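A quick write-up on the structure given underneath.
The values are calculated or read from the model by the stated rules, or taken from the named source; none is laboratory data. What you see is a predicted model, and the numbers here were worked out from it, not measured in a lab. Because the Cβ atoms are built from the backbone with ideal geometry, glycine has one as well, and the counts that use them run over all protein chains shown.
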């Protein structure tokens with residue numbers, strides 16, 4: 001299968017399936033000399049881990065990461081870094097009843113038509129379980145960006161169904177199961193998710209990302225614009241259906257005099273562009289949002305067909321997230337970190353001598 005590798009100089013190749021023995025990745029291009037331990041990576045994996053609250057899948061995976069290569073005496077060597085996370089709580093029997101039916105909204109139908117076969121257990125390779133390795137690799141990129149360049153990446157829940165949420169206090173994002181930065185809305189979100197789960201249904205969400213300290217110059221002006229590659233990475237996350245930078249789709253209603261970010265001797269007056277100009281980082285915060293669709297694995301009966309083309313009804317049982325957006329924040333942060341480090345290394349390679 002092609003398409004398992006992301007990046008150009010800082011590359012990540014993942015492998016493994018939802019119900020296979022393990023998932024893993026190979027991270028290549030990491031500069032040597034970066035202090036790195038399994039605990040550095042584990043912190044981000046614990047933020048994404050399933051079973052952390054009653055509002056996400058109750059699959060109990062510890063997601064303990066092992067570093068297999070590329071680190072010696074506590075620092076990266078510049079060689080390929082091998083990472084492995086074992087699966088320990090697969091329940092493949094949950095899929096026995098629907099293995100011959102295509103789940104609407106899932107990759108079942110297209111996967112079968114493209115490859116002629118599929119791993120029906122949790123979606124196999126197309127499962128969001130694969131993103132555990134993106135988060136592991138992203139933790140390495142995040143550490144390098146922060147320690148060597150002073151770049152910080154923060155994400156938070158911007159919308160959940162009917163709730164629009166403000167970044168009142170980003171310091172509480174990791175202290176609640178919603179990655180919400182508005183403490184006044186936590187009770188409302190809690191009750192909404194309880195009611196949703198009782199109804200056997202799901203809901204969509206929006207995640208907002210902020211990358212601060214990004215230097216001027218990352219990105220290329222034509223096909224490899226920084227925001228184009230960020231969008232590529234974010235759109236590759238399961239269930240993501242939209243990406244916005246800065247003011248996003250609100251620009252449709254803006255005039256040029258309103259949208260443009262005027263420049264003063266002390267800097268930019270605002271940041272409607274989201275941190276890039278002409279595909280190149282401007283030194284402002286990178287502001288990007290993603291929209292995630294409602295989970296398609298729900299207990300509300302729906303119509304489908306089986307592998308023979310016959311009409312059928314389907315109800316998806318098992319353990320699923322009623323809102324995939326609730327665990328998407330660390331995944332989105334990871335993809336942003338991977339893209340920024342890849343572009344930093346590309347910029348350094350070509351333009352290190354530019355004054």
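Suppose we filter the range 111-165 for residues that are assigned to a helix (DSSP H, G or I), farther than 30 Å from residue 196 by Cα and touching a strand residue (DSSP E or B) at 6+ places or on another chain (Cβ under 7 Å); how many remain?
5
Could you tell me how many of the residues in the range 248-257 are in contact (Cβ under 8 Å) with a residue 12 or more places away in the chain and either assigned to a helix (DSSP H, G or I) or closer than 16 Å to residue 278 by Cα (or both)?
Summing the residues that are in contact (Cβ under 8 Å) with a residue 12 or more places away in the chain and either assigned to a helix (DSSP H, G or I) or closer than 16 Å to residue 278 by Cα (or both) in the range 248-257 gives 2.
Could you run through the range 259-275 and say how many residues are over 29 Å from residue 161 (Cα atoms) and not in a loop (DSSP other than H, G, I, E, B)? Give the steps one after another, and end with the answer.
Residues of the range 259-275 that are over 29 Å from residue 161 (Cα atoms), as a first pass: 260-269.
After this cut, where a residue has to be not in a loop (DSSP other than H, G, I, E, B) as well, the list is 263-264, 267-268.
Qualifying residue count, the range 259-275: 4.
Considering only the range 311-353, state which residues are within 30 Å of residue 162 (Cβ to Cβ) and assigned to a loop (DSSP other than H, G, I, E, B).
Those that are within 30 Å of residue 162 (Cβ to Cβ) and assigned to a loop (DSSP other than H, G, I, E, B): 315, 316, 317, 318, 319, 320, 321, 322, 323.
Take the range 46-65 and flag every residue that is modelled with pLDDT under 95 and touching a helix residue (DSSP H, G or I) at 6+ places or on another chain (Cβ under 6 Å).
47, 48, 55, 56, 63
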